[in-house]
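In what follows, a single structure is set out as structure tokens and then discussed.
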Amino acid sequence: MAKKNSINSLIKEAEKAGSKEDFGGAINALNRILEIDPDNARARTLLDYYLEIVRFMNMDIFASTNLFMDPWLD
């Protein structure tokens with residue numbers, strides 16, 4: 001029961017951090033959930049979501065000299 005309460009509070013913490021655009025905090029909370037329960041589908045889905053947001057935020061469209069490759073279709 002304590003494990004479930006801990007996971008629920010960490011999910012709320014991750015969602016709250018994500019809503020404030022604190023993606024690092026959200027990712028850390030989700031990783032803690034996955035340490036407790038590696039098969040938690042909700043945490044895995046949210047983690048993928050936030051990692052994708054961070055990836056797009058850090059994308060440098062001018063990093064590649066290949067002008068024929070659309071960086072948005074990666």
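Numbers for the structure displayed
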quantity: Within-15-Å neighbourhood charge of Ser9 [Cβ basis; K, R +1; D, E -1]; calculated: +2
quantity: Vicinal HN-Hα couplings computed from phi for region 37-51 (Karplus, 6.51 cos²θ - 1.76 cosθ + 1.60; Hz; Gly/Pro x); calculated: 9, x, 9, 6, 5, 4, 5, 4, 5, 5, 4, 4, 4, 5, 5
quantity: FRET efficiency estimate (nearest 0.05) - Cβ-Cβ, Lys12 to Asn58, R0 22 angstrom; calculated: 0.25
quantity: 3J(HN,Hα) from dihedral phi, region 16-32, Karplus parametrisation 6.51/-1.76/1.60, rounded to Hz, x for glycine, proline; calculated: 5, 5, x, 5, 8, 6, 9, 5, x, x, 5, 5, 4, 5, 5, 5, 5
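FYI, it's all coordinate maths here, none of it is from the lab. This structure is a prediction, so every number in the text was calculated from the model and none was measured. Using ideal geometry, Cβ is built from the backbone for each residue, glycine included, and neighbour counts are taken over all protein chains shown.
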